[in-house]
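Okay, structure first, notes after.
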Amino acid sequence: MKDQLELMLKEAEQEIALCSNPNDILNTKAKYLGKKSALNSLYSRMKELSAEERPAFGNQLNLVRARIESLITERGNAIKEASWAKKAVVFDSSMPGMPLDRGGYHPLSIVRREIDEVFLSMGFEIAEAFDIEDEFHNFDALNTPQDHPSRNLADTFYVEGGKLLRTQTSTVQIRVMESYKPPIRIISPGRCYRNDKPDPSHSPVFHQVEALVVDKGISMSDLQDTLQNFAAIMFGPNVKSRIRPHFFPFTEPSAEMDISCVVCGGSGCRVCKQSGWLEMGGAGMVDPAVFDILGIDSEIYTGFAFGLGIERIAMLKYNIPDMRILFENDLRMLRQFKGEM
């Protein structure tokens, strides 16, 4: 067994010297030091020796094992150092630097800024308020009945202390009318929250922009003109708008706003479901009951309000088929907007 041990050490020295990469080192280590290696088998054969021979052979066995471990470690370190040396790059201060990758705005931020600019050009001001609201500002002041489905836990996120995450930015309109006397002309862009399951057209967190105008002599024709101006500036001069009857608790009369399809121009396609029109949001004349709650004389003042989904506008402008794409931070999509900053 002593001769076998010496032969094993010579073979190990030769194989370790020929190792050229980390995999070779691992294979050699397993061959000579692993549980099923020939070296380990010699430990179990020591019982074949006499009691006088065992100590000397055991000591020699341990020395050979230590020698092989040392050779493997040295060769492994040498391979690593050689690999690092190949990767090392000599710094040349005369060479131009590496340009930084330029970022860009998210498509929702781009659309939000465009919407702000459109309404600012029409004389509106921007108003903001709180994401966490109370039921008065989110429901009661907007003439929403106590038994309305939107008040249910299935639709609204409630938090402690009788508060909730606002379901619409109409809450900002209420706070503005509480604090300022007419004339009022504001938009209120921001986040909203509803208990919706994410799908191609819904998200539990989304963005809206609400508009409110209150003054003497405001009529439905003013609402139509404002919506048409917005559509023409945002989507192009050939885009038309229309309103059709609907119902909302805080407007009377109420309407839905549509625009002619930005894909087919109104001739009918898959996007507009062959109708030629795309639904954009709700609108209407402010219900006198809302004015009465807030102490505004509905005999003197009238007003209109409408709300638009910012995700909806972004999806139409950039041909994005699924709302969830806007929230996935997919660099393939985001890189398309790098030049917009």
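Read-outs: derived from the displayed coordinates by stated rules, not from any lab. Quantities reported herein were computed from a predicted structural model and do not represent experimental measurements. Because the Cβ atoms are built from the backbone with ideal geometry, glycine has one as well, and the counts that use them run over all protein chains shown.
Nearest 500 deg cm²/dmol is fine: what mean residue ellipticity at 222 nm does the chain get from its DSSP H runs of n ≥ 4 alone, each adding -39,500 (n - 2.57), divided by its residue count? Spell out each step's value before the answer.
Numbers: 11 runs with 134 residues, N = 341.
It lands at -12000 deg cm²/dmol.
Hey, quick one: spin label on GLU178, modelled 7 Å out along Cα-Cβ, who in the stretch 279-308 has an amide N within reach, i.e. under 18 Å?
Residues 289-297 fall inside that zone.
Please get the size of the charge dipole for the stretch 2-87, origin at its Cα centre, with Cβ charges of +1 on Lys and Arg and -1 on Asp and Glu, quoted in debye to the nearest 20.
Result for the stretch 2-87 is approximately 400 debye, rounded to the nearest 20.
Can you tell which of SER298, VAL271, LEU100 lies farthest toward the positive end of the dipole of the chain, using +1 and -1 charges on the Cβ of basic and acidic side chains (Lys, Arg; Asp, Glu)?
Towards the positive end, the residue furthest out is LEU100.
Counting only residues 5 or more places away or on other chains, whose amide H sits under 5 Å from the amide H of HIS246 once H atoms are built in the peptide plane?
SER254, ALA255, GLU256
Considering amide H positions built from the backbone, and no H for Pro or chain starts, which residues 5 or more places from GLY266, or on another chain, come under 5 Å of its amide H?
Answer set, sorted by chain and number: CYS261.
Quick check: the distance between the Cα centres of the stretch 1-74 and the stretch 89-154, to the nearest angstrom?
68
Please list, in order along the stretch 208-213, the HN-Hα scalar couplings obtained from phi with the Karplus expression 6.51 cos²θ - 1.76 cosθ + 1.60 (θ = phi - 60°), rounded to whole Hz, x for Gly and Pro.
10, 10, 9, 10, 9, 10
Where Lys and Arg each count +1 and Asp and Glu each count -1, what net charge lies around GLY161 among other residues with Cβ under 12 Å from its Cβ?
Net charge around GLY161: -3.
Work through the residues other than LEU39 whose Cβ is under 14 Å from its Cβ and net out their charges, Lys, Arg +1 and Asp, Glu -1.
The answer is +4.
Would you work out which of GLY309, LEU61, PRO149 lies farthest towards the positive end of the dipole of the chain? Charges go on Cβ: Lys and Arg +1, Asp and Glu -1.
Of the candidates, LEU61 comes out farthest on the positive side.
Charges at C-beta only: +1 for Lys and Arg, -1 for Asp and Glu. How large is the resulting dipole of the chain about its Cα centre, in Debye rounded to 20?
Numbers: 39 positive and 47 negative charges, 411 e Å.
Computed about the Cα centre, the dipole is about 1980 debye.
Go through the chain and flag any cysteine with no other cysteine's C-beta closer than 4.7 Å, please.
CYS19, CYS192
In the chain, what percentage of the DSSP-assigned beta bridges are antiparallel, given to the nearest 5?
Around 95 percent of the beta bridges assigned by DSSP in the chain are antiparallel ones.
Magnitude of the Cβ-charge dipole of the stretch 211-296, K/R +1 and D/E -1, about the Cα centre, nearest 20 debye?
Here the size comes out at about 480 debye.
Arrange ILE259, ILE25 by Cβ neighbour counts within 10 Å, fewest through most, would you? All intermediate terms of the calculation are to be shown ahead of the outcome.
Values: ILE259 24, ILE25 20.
In order of increasing Cβ crowding within 10 Å: ILE25, ILE259.
Quick one: Debye curve from the C-alpha atoms of the stretch 2-87, no solvent, what's log10 I(q)/I(0) at q = 0.24 Å⁻¹?
One equal scatterer on each Cα of the stretch 2-87 leads to -1.14.
Among CYS269, CYS261, which comes first, then next, by fewest other beta-carbon atoms within 10 Å?
Details: CYS269 14, CYS261 22.
The fewest-first ordering by Cβ neighbours comes to CYS269, CYS261.
Of SER201, LEU5, VAL176, which is farthest along the charge dipole of the chain in the positive direction, counting Lys and Arg as +1 and Asp and Glu as -1 at C-beta?
LEU5
Can you give me the three principal axis dimensions of the stretch 107-340 from its C-alpha atoms, in Å, biggest first?
Computed over the Cα atoms, the extents are 49, 42, 33 Å.
Taking the beta-carbon count within 10 Å as an exposure proxy, list TYR43, TYR193 from fewest neighbours to most.
Fewest-to-most ranking of TYR43, TYR193: TYR43, TYR193.
If you fit an axis through the alpha-carbon atoms of helix 170-179 and take the longest principal axis of the Cα set of the chain, what angle between them do you get, 0 to 90°, nearest 10?
60
Lys and Arg at +1, Asp and Glu at -1: add these up for the other residues within a Cβ distance under 11 Å of GLN208 and post the number. All intermediate terms of the calculation are to be shown ahead of the outcome.
Numbers: positive: ARG112, ARG166, ARG191, ARG194, ARG312; negative: GLU210, GLU311.
Within the 11 Å Cβ shell, the charges total +3.
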